[in-house]
Structures are given as C-alpha cells and as structure tokens.
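Single-structure report; data block below.
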Amino acid sequence: MGSCIPFSDEEPFVKRVKSLADDELLEIWEETQQIESLLCTELQADLSLAPDYEKVIVEELRLRSGRKLRAPRMGE
C-alpha cells in the first residue's frame, strides 16, 4: 500500500489527479477511507479526513468514464 507520488507539494491535488492512473486514484481513495475508519474507531468519533480529495477523485473518474463512453470505437 502507499506509493510515492512524484509531485511538488505546491501542486494542487486537483491538478495531480489529472496525471494519475485510475488504479492510483482508487488506491488513494481506499487508503484515505482506511485511515479515516481507523481514526474514527480509535477516537470513537465521526471524522471526515479528506472529503475534498474524495470529491475530486470521484469527479475525475466520472469525467474519464464519460470520455470513454463517448470515444469512437474502432471499426465504427
């Protein structure tokens, strides 16, 4: 789990997601969910660590999915 993402800290996450593969985006989302769940259990509190990250990831995956659906298929 966890990968080294080769971006400068100044680069906004919204821009970072554009260059990540779908599986990398899903891995980031999964890891934040696991950390959030662990902290909620340990602290016995309802926390939301990265709602903006989740929103950005979901939106990017939706855009990519839409592009794939609209892309012309070979042989058509």
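Out of everything in region 9-25 that is of a type in the set (A, V, I, L, M) and either at pLDDT 90 or above or open to solvent by less than 70 Å² (accessible area, probe 1.4 Å) (or both), what residue ends up being nearest to Val56 (Cα to Cα)?
Val17
Read through the list (1) modelled with pLDDT under 90; (2) open to solvent by less than 70 Å² (accessible area, probe 1.4 Å); (3) assigned to a helix (DSSP H, G or I), then give the number of the only condition that Leu38 fails.
Status for Leu38: all satisfied but (2).
Inspect all residues belonging to region 52-73 and state whether any of them is open to solvent by 60 Å² or more (accessible area, probe 1.4 Å) and at positive phi.
Within region 52-73, none of the residues are open to solvent by 60 Å² or more (accessible area, probe 1.4 Å) and at positive phi.
With respect to Pro6, is the statement that it is at pLDDT below 85 and open to solvent by 100 Å² or more (accessible area, probe 1.4 Å) true?
So Pro6 fits the description; yes.
The values are calculated or read from the model by the stated rules, or taken from the named source; none is laboratory data. These numbers were taken from a predicted model, which means no experiment stands behind them. Ligands, DNA and RNA are excluded from the accessible area calculation, which covers all protein heavy atoms including side chains. Shrake-Rupley method; radii C 1.70, N 1.55, O 1.52, S 1.80 Å.
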